[in-house]
Every structure is written in structure tokens, then in C-alpha cells.
Amino acid sequence: MIRTRLVLIGSLALFGHAAASAASVAPRPIDATAEQRAFAAEVAKEGGPDEAAVLATLSGAKTQQSILDAIARPAEKTREWKDYRPIFVTDKRVVDGVAFYRANRELLERVGGEYGVPPEVIVAIIGVETSYGKITGKYRVLDALSTLAFNYPPRAKFFRGELKQLFLLGDQHLAYPIDELKGSYAGAMGWGQFMPTSIAQWAKDEDGDGSIDLWNSLPDITASVANYFAAHGWQKDQPVTVRAQPAGDAQALAPANSEPAYTLQQLEAWGYAPLERVEAETPSTLLKLEGERGPEFWLTFKNFYVITRYNRSPLYSMAVWQLAQEIAAGVAENPSS
């Protein structure tokens, strides 16, 4: 299959990945050799490179304080919706998204149809994550994951698992050798910012060349994002979220997360009337955001929850969805272009 190459269209982006909120954690004194040897043995036992090869690669990894500082200050933990939205849903990001869609319409609509995910949602994810591939991360993935695996106790287990998966993927399945991969401070890679376990489980070799290239192959990039959504339960042609008008005596609700826990009918009975028509039995939940003009109330559904599987922040999910809607509207203004 002929590989589709990418046209870089974008603007500066802030990474939207959620991370554990904690104070800056300085590298702790460790017996690196002992920890790394135990890690290398585990990788080898699970079918990865032998211990000597893993240790040789790890010997070139550099611990970076800037990575530890970055993971301690995720954007979603310090901003309200009124401040968060203007970062990601900008006129330029919309214009660039429309241009990206139009330039790659055939591929996007084919992939969207194959996986049952709207093309504009695929485009919006790429737009929010890396501004359409313009900024995919400056850190070596090996440095990022080893720094966090061996020097960040709050999430060491998680990042050690990601580092292990990186070795299990192996050079032959990736676009670049392990020690040359570049990504975010958390080790996320490519235009869609996939972690190693996400690559292993959901990334696709859509162009059929035998490797997964999330930097240079548009078929691989778009299909990987679409497959991630499909695998997490995206419901074709179903709602994502609608604005709600609360009654004066609406029951106070503070759901723990974005997973639908009530029927829409129940939420209406509690005083939250949708401003668009949705089936009464649709599973939903309530989201309250602090907007520019005061509190906003939204009814969110399974597809909104699926977006939070990409990033747990409801602010992120709302930004993706609103950007997607604006991109779709822009494309519809001149559908033949």
C-alpha cells in the first residue's frame, strides 16, 4: 500500500495529558544497578531482549529533573473551563483542523467509516494533542520513562510497566530504534501521543508496511486514534454531550467521574432539562463547568466517557468535542473543497 505522507499544519500546542498531582519530586538515591537488573530480568522473562541488551540500553538513559517537574504540574489541575478552553479551542486550531481535514478527506472518511468514529473527532484529538503533528515532544522516550520509572515513587509502578512495554515492542515494530524515539515528558509518542501500552494494544499498521509509524504515516496515525476510540466503546451516531438548563430547585449532584450513572429521564426529574432532544433512557451523567459567563451544566453520555479514556480530564474531553464540532462546521461550509 502506498504510504500517505503528512503535511504539517498547526500551531503551538500545550500537551493535554493528565498526570498525578503531587509536589515536585527530586530524584531519590537508589541502587540503580540493582533496580535496573531486576527490571532487565523481568523484561527478558516476558519475552523481550535479554538482560544484557536491556541494561546496555538503560545505561544510555539520562535522568532529567525537568521531567519530574513537568509531571507535578498538569494543566487540568490548575485551571477552570473558562481558562482551559481558550488554550485548545482557538480560531487557528479550528482553521488548521479544517485545512487538515480537507487535505486528507478521503483517508479520514475511510478510516472513520471503518472504525465508526467521526473523522472530525480523529482530527480534533490530533489537534489537541500535537497541533496536527507540529509538536510531538522533545524528550527521548527512553529518558522520560526511565526517569519516571526509577525516580518518581508516586507512579513508579505505572511507568515501569510502560518502560517494560517499550522494550517488549522492540525496534522492529516501531518507526525508530528505542533510544531514538522522541515524545512528551511522560513518554507519549507520535501525533496521537500514544504510550507504549497503547501502541501494543490499539495502534494499527494501517499502511501495511510492517511497522507502526505514529510520526510519518497518516494511515497509521488516524487508524490508531480511531481504533482506540472503537476499542473503548465509541457508539456510532450516538450523542456525546448536550447543554442542560437547571431548574431553580434542581437536586445538587457531584458525580465522581464521567461514567454514565443515570438515565436522562432521571436527570430531568432531578431538574436538569436537556436543551436538545435525546432519548429518555440514554445513560448519562452531569458535568458542571465554570465558564466565562458563570456555571455551565452539561449532560454527558457514553461517547464523552470514551474520550476521557484518552485523557481522564473532563476539561480535555470537552475541548476535544467542541473543537471537533467547530472543525465539522468549517468543513461543511464548503464540502467540495
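Please give, to one decimal in nm, the separation of the simple spin-label points placed at Lys236 and Glu106, each 7 Å out from Cα toward the Cβ.
It works out to 2.2 nm between the two label points.
Given 20 °C and 1.002 mPa s, compute D for the stretch 207-337 with the Stokes-Einstein relation, Rh being the Kirkwood radius over Cα pairs; round to the nearest whole µm²/s.
Working: Rh = 16.5 Å.
It comes out at roughly 130 µm²/s.
Between Rg and the Kirkwood Rh of the chain, both from Cα atoms, what is the Rg to Rh ratio?
1.00
Given the -39500 (n - 2.57) contribution per DSSP H run of 4+ residues, what per-residue ellipticity at 222 nm results for the chain, rounded to the nearest 500 deg cm²/dmol? Intermediate results must be reported in sequence, preceding the final value.
Working: 14 runs with 154 residues, N = 337.
Taken over the chain, the calculation gives -14000 deg cm²/dmol.
Taking a quarter of the surface of the Cα convex hull of the stretch 197-236, what do you get in nm²?
Working: hull surface 11.4 nm².
With the hull built on Cα positions only, its mean projection is 2.9 nm².
What percent of all Cα-Cα pairs in the stretch 115-157 falls into each 5 Å bin, going from 0 up to the bin containing the maximum distance?
Taking all Cα pairs of the stretch 115-157, the binned fractions are 6, 19, 14, 13, 14, 15, 14, 6, 0 percent.
At a Cα cut-off below 27 Å, give the lysines reachable from Lys62, other chains included and same-chain residues fewer than 8 away excluded.
Lys45, Lys134, Lys138, Lys157, Lys164, Lys182
In whole angstrom, how far apart do the alpha carbon centroids of the stretch 233-251 and the stretch 58-117 sit?
After rounding, the separation between the Cα centres reads 24 Å.
Mind pulling the per residue volume of the convex hull built on the Cα atoms of the stretch 33-144? Å³ is fine. Please report the intermediate quantities before stating the final value.
Numbers: hull volume 20.2 nm³, N = 112.
Hull volume over Cα atoms, normalised by residue count, gives 180 Å³.
With θ taken as phi - 60° and the coefficients 6.51, -1.76 and 1.60, list the Karplus ³J(HN,Hα) couplings across the stretch 137-142 in order, rounded to whole Hz; mark glycine and proline as x.
Computed from phi, the couplings for the stretch 137-142 are x, 9, 8, 5, 4, 4 Hz.
At a 10 angstrom cut-off on C-beta neighbours, averaged per residue, how do the peptides 281-293, 254-266, 202-214 rank from highest to lowest?
Details: 281-293: 16.7, 254-266: 14.8, 202-214: 19.1.
Top of the packing list down: 202-214, 281-293, 254-266.
Tell me the per residue accessible area of the stretch 123-245 using a 1.4 Å probe; a whole number in Å² is fine.
On the way: 3870 Å² over 123 residues.
Spelled out: the 1.4 Å probe surface of the stretch 123-245, per residue, equals 31 Å².
Straight-line reach from Lys236: which lysines have a Cα under 27 Å away, not including same-chain ones fewer than 8 places off?
Counting by Cα, and skipping residues close in sequence, Lys236 has these lysines nearby: Lys204, Lys288, Lys302.
Taking just the C-alpha trace of the stretch 155-221, give me its Rg and Dmax in Å.
Cα-based Rg and Dmax for the stretch 155-221 come out at 11.2, 35 Å.
How compact is the stretch 226-287 by the rule of thumb for globular proteins, expressed as Cα Rg over 2.2 N^0.38 Å? Don't skip to the answer; put the middle values down first.
Values: Rg = 12.8 Å, N = 62, 2.2 N^0.38 = 10.6 Å.
The value comes to 1.21.
Could you check what % of the DSSP bridge pairs in the chain are antiparallel, to the nearest 5? Write down the numbers at each step before the final one.
Details: 20 of 21 bridges.
Of all bridge pairs located within the chain, approximately 95 percent are antiparallel.
The values are calculated or read from the model by the stated rules, or taken from the named source; none is laboratory data. As the structure is a prediction and not an experimental result, all values here were calculated from the model. Here the Cβ is made from the backbone with ideal geometry for all residues, glycine too, and neighbour counts use every protein chain on show. All accessible areas refer to the heavy atoms of the entire protein, side chains included, with ligands and DNA or RNA removed. Shrake-Rupley method; radii C 1.70, N 1.55, O 1.52, S 1.80 Å.
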